[in-house]
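A short reminder: the numbers here are calculations on the coordinates, not readings from a lab. What you see is a predicted model, and the numbers here were worked out from it, not measured in a lab. Backbone-built Cβ (ideal geometry, glycine too); neighbour counts: all protein chains shown.
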Amino acid sequence: MARNSIQLAVSFAHWLAIKAIHPEGHVVLTIVDRNTESVEVIDNWNGFGQRTTSSGTVKLQHVEVDPLLIFDERLLGNQPSYRGAYSQLMQVAIDVGIAEAAFADTLTAVQKARPIVDAQVEKASLEHYTLQEVGKSSVLLDAAILLLDEAAEYLDELDQLESLTDEQAAKASILVAEAKVYANDAALHISEKLLELGGSRSSLSQHNLDQHWRNARVHTLHDPIRWKLHALGDYYLNHKLPARHAWI
């Protein structure tokens, strides 16, 4: 029996991507029909964020796989590809979406917040330090969106090519990695500042404003940016091309 834990959004999937060890000893990627007999999906995700992703554990026991849906990971990794960049681009978009939602809620929350007495203003939206923090959040958000768009446009350009060079594949991963680092920081910073600038009332569970930080914190754990930064530094300083897998 094989066990794969945790697969994201697995309860919504029609097909499952499962890595396995081939009898010859190398790693293969297999595509399995979600409704295949002996495939069991357990909805057991209980993280404090991403609560509605319907992620869970997959159990497989003596599952027959179509030979046409078995891919040798060695071949996938030996040729220039930007499948990893595409995979990561979706994660960047999620983080940017969280940041956008958190920023929108920040503007609403500040309008309802009470000003600090030392600010000597009538509304929290007139506090000098609040204005500064909202301004910083807007810059982080705009930069994250621009980096996401730049990376996406480059992948669109590669889609038009019949073949791909090592350098082009590497640039795709690098652009997406840069976007991921910034989106990571934007989502976490803006969602935290939402609670700070909204005041104590923003912590009331009825508002559910903590969902943005919880979702950002959990989602950014899947592929930590410390390794993105490592890859970026190695690329620019040593011209080391990033690894060919789904995490860069």
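Computed values, structure above
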{"quantity": "Under 17 Å from the Cα of residue 123 - lysines, other chains or at least 8 residues apart", "calculated": "112"}
{"quantity": "Compactness of the stretch 80-238 as Cα Rg over 2.2 N^0.38 Å, two decimals", "calculated": "1.23"}
{"quantity": "Rough spin-label spacing in nm, given labels placed 7 Å along Cα→Cβ, for residue 155 and residue 222", "calculated": "1.2 nm"}
{"quantity": "Sorted peptide list for 173-182, 202-211, criterion being average Cβ within 10 angstrom, highest first", "calculated": "173-182, 202-211"}
{"quantity": "Per-pair calculated FRET efficiency, R0 = 45 Å: residue 112 and residue 59 via Cβ, rounded to 0.05", "calculated": "0.40"}
{"quantity": "Highest-MSF residue in the chain out of 201, 83, 214 [GNM, Cα springs under 10 Å]", "calculated": "201"}
{"quantity": "Efficiency of FRET between residue 21 and residue 208 - r from beta-carbon atoms, R0 51 angstrom, step 0.05", "calculated": "0.75"}
{"quantity": "Cleavage-rule hits (chymotrypsin sites (Phe, Trp or Tyr not before Pro)) in the stretch 48-84: DSSP loop, at most 14 neighbouring Cβ within 10 angstrom", "calculated": "48"}
{"quantity": "Estimated inter-spin distance, residue 83 and residue 29, nm [label 7 Å along Cα→Cβ]", "calculated": "0.2 nm"}
{"quantity": "Candidate lysines for bridging to residue 19, where Cα separation is under 20 Å - those fewer than 8 sequence places away on the same chain excluded", "calculated": "59"}
{"quantity": "Kyte-Doolittle mean at least -1.0, axial Cα span of 30 Å or more - DSSP H helices of the chain", "calculated": "83-112, 128-159, 166-198"}
